[in-house]
Amino acid sequence: GSATGNPEGLTDLAIRGKYRVMKGAPGNLSVVLGGIIPTGKDDELLSDGDPLEPSSQPGTGEFGIQSGVAYSRYLTTNVTLDASALYTYRFEDDGFQVGDRLDTSVAFAYRFTESVRDYPQVSVFGELTNVYIGKDESDEEGSNPNSGGNTLFLTPGVRLRFTEQVSFSLAPSIPVLQDLNGNQLETDFRVMGQLTVGM
């Protein structure tokens, strides 16, 4: 027999900091460091009552650390290019470890506000994000063949910048390509809300 699932709930909390190391005409380059706090829901069940595997839960139940780089530059006075790469390492919990993850993305944004010094500012953006996830590892069963894989997301969104330091983005992501290992639940869509506070 087979079982189905439709997991719902909040995902884990990610807290990241970004430090700019280059600024000017070539663009802005920053390093990114962060952490994952397992606040998400991690007790979703399949239709037969068995627990859903940790990597398919909204929350993993595991802490993690993140590191990466981010680059941005103006193409015109109203159009910006942004690109980033972020690696996530998950710590082991109770003999189980969710596969590491690599997110890479490129985005173009258009600002409706004419001057970059006027607030609030409203922008729209389009982003392509590739998410690679490694296989889960268990002390008892080793590598899980039904875990990990690659997904490409297309994300249209809107960003409201209240001040130079504070902005909020809201964006739905739609998978345009899913190449997953073995038998796994596929993603129909996801929605991201992000509050950014600069120092």
If a residue counts only when it is over 23 Å from GLU141 (Cβ atoms) and open to solvent by 80 Å² or more (accessible area, probe 1.4 Å), which strands (runs of 3 or more DSSP E) contained entirely in the stretch 1-97 have at least 2 such residues? 13-22, 64-74
Could you list, in sequence order, the residues of the stretch 163-199 that are exposed (fewer than 13 other Cβ atoms within 10 Å of the Cβ) and either charged (D, E, K, R) or part of a loop (DSSP other than H, G, I, E, B) (or both)? THR163, GLU164, GLN165, ASP179, GLY182, ASN183, GLU186, ASP188, PHE189, GLY198, MET199
Only one of GLY148, GLY95 is in contact with a Gly (Cβ under 8 Å, 6 or more places away or on another chain) and at positive phi; which? GLY148
Of all the residues that make up the stretch 98-119, how many are closer than 30 Å to GLU140 by Cβ and either assigned to a strand (DSSP E or B) or open to solvent by 60 Å² or more (accessible area, probe 1.4 Å) (or both)? 3
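The values are calculated or read from the model by the stated rules, or taken from the named source; none is laboratory data. Quick caveat: nothing in here was measured; it's all calculated off a predicted structure. So basically every Cβ, Gly included, is an ideal-geometry build from the backbone, and we count neighbours across all protein chains shown. With ligands, DNA and RNA removed, areas are computed over all heavy atoms of the protein, side chains included. Shrake-Rupley method; radii C 1.70, N 1.55, O 1.52, S 1.80 Å.
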